[in-house]
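First comes the structure, then the notes that go with it.
The values are calculated or read from the model by the stated rules, or taken from the named source; none is laboratory data. The structure displayed is predicted, hence computed values, not measured ones. Cβ sites come from the backbone with ideal geometry, for glycine too, and all protein chains shown count toward neighbours.
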Amino acid sequence: MGRNDFKLSKLFRGIIPKHKYYSKFQNLNLMTRIHILSSTDRPGSMALKISEFVKKQYDDLGVEAEVISLEDFPIQDVAGGKYGADIPSVKAFNEQVLDCDGLLMVIPEYNGSYPGILKLFIDYLPFPAAFDKLPIAFIGEAAGAFGSLRAVEQMQMVCNYRNAYLFPERVFLQRVHKIFSPENGISDELQAKLLDSLIKNFASFTERNKGERERKAGVTA
């Protein structure tokens, strides 16, 4: 174990939170819909594989979940900077992402930050309504020792600015190529527990908070 790995293990060990919305039941059976955003356009990305793994966990819990990948964002239709324009392909993609009660972003770290396609996607979302009161959670993943911590914290600032409800638990999957495989999941016991906690608790958090977003939509409709 490297020095940075030890520091992170010491930081996270024994602090898996038990919030008031924590559910002890294996099958949550919540009437909530979660979208999992693979936040990169890199083909065959680890973010997409993790997103699909998380969806399987939600399937097992009886929670409706769907994976959406930024590989499918219609980037060719925004070339040249078409901000403010009515672009049907972009509108359709945005509506697909936002048609949910909670959004879980799986974010890799590129050059000390989140992928550029993620910022482009957000810049073409309706302002300010898109993330307003939307529960959002974050999973960071990276080949390095800090598991995309910088990228996640930078994206938290963006989502906070957009008035999202940020879920307080975060997971940083460090040295992800060594600890994760689609077939076997996460081999690191601590990170596996943290991810399991986030998956379950975010579903309950979303269920508890979706009413306010629905009420706001009813007022503005």
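Here are a few things to note about the model shown:
- Hits in region 72-109 - residues which are modelled with pLDDT under 95 and either in contact with a strand residue (DSSP E or B) (Cβ under 6 Å, 6 or more places away or on another chain) or among the small types (Gly, Ala, Ser) (or both): ALA79, GLY80, GLY81, GLY84, ALA85
- Scanning region 114-151 for residues that are within 29 Å of LYS82 (Cα to Cα), without any contact (Cβ under 8 Å) to a residue 40 or more places away in the chain and buried (at least 21 other Cβ atoms within 10 Å of the Cβ) turns up PHE131, ILE136, PHE138.
- Scope region 113-142; condition among the polar types (S, T, N, Q) and under 13 Å from the mean Cα position of the chain (by Cα); matching residues: none
- Scan region 143-161 for residues that are on the phi < 0 side of the Ramachandran plot and either of a type in the set (Ser, Thr, Tyr) or modelled with pLDDT of 95 or more (or both) and the total you get is 13.
- The residue that is surrounded by the most Cβ atoms within 10 Å (Cβ to Cβ), counting only those in region 152-173 that are of a type outside the set (A, V, I, L, M, F, W, C) and over 12 Å from the mean Cα position of the chain (by Cα), is TYR165.
- Among residues of region 193-217 that are over 12 Å from ILE136 (Cα atoms), those with a beta-carbon under 8 Å from a residue that is surrounded by fewer than 20 Cβ atoms within 10 Å (Cβ to Cβ) and among the basic types (Lys, Arg) at least six positions away or on a different chain give the pairs GLU212/LYS133; ARG213/LYS133; LYS216/LYS133.
- When PHE121, PHE131, PHE146 are checked against the criterion of being touching a strand residue (DSSP E or B) at 6+ places or on another chain (Cβ under 9 Å) and within 22 Å of THR32 (Cα to Cα), PHE131 stands alone in meeting it.
- Subset of region 134-143 (residues that are over 18 Å from ILE34 (Cα atoms) and either touching a Phe, Trp or Tyr at 6+ places or on another chain (Cβ under 6 Å) or aliphatic (A, V, I, L, M) (or both)): ALA142, ALA143
- Residues in region 174-205 that are within 13 Å of the chain's Cα centre (by Cα) and either closer than 15 Å to PHE53 by Cα or modelled with pLDDT under 95 (or both): LEU195, LEU198, ILE199.
- Cross-chain or 6+ apart pairs with Cβ under 7 Å, region 68-92 first and crowded, with 16+ Cβ neighbours inside 10 Å, then assigned to a loop (DSSP other than H, G, I, E, B) and among the aromatic types (Phe, Trp, Tyr): VAL78/TYR124; VAL90/TYR124
- Residue match in region 25-38 (condition: over 17 Å from the mean Cα position of the chain (by Cα) and either among the hydroxyl-bearing types (Ser, Thr, Tyr) or modelled with pLDDT of 95 or more (or both)): no
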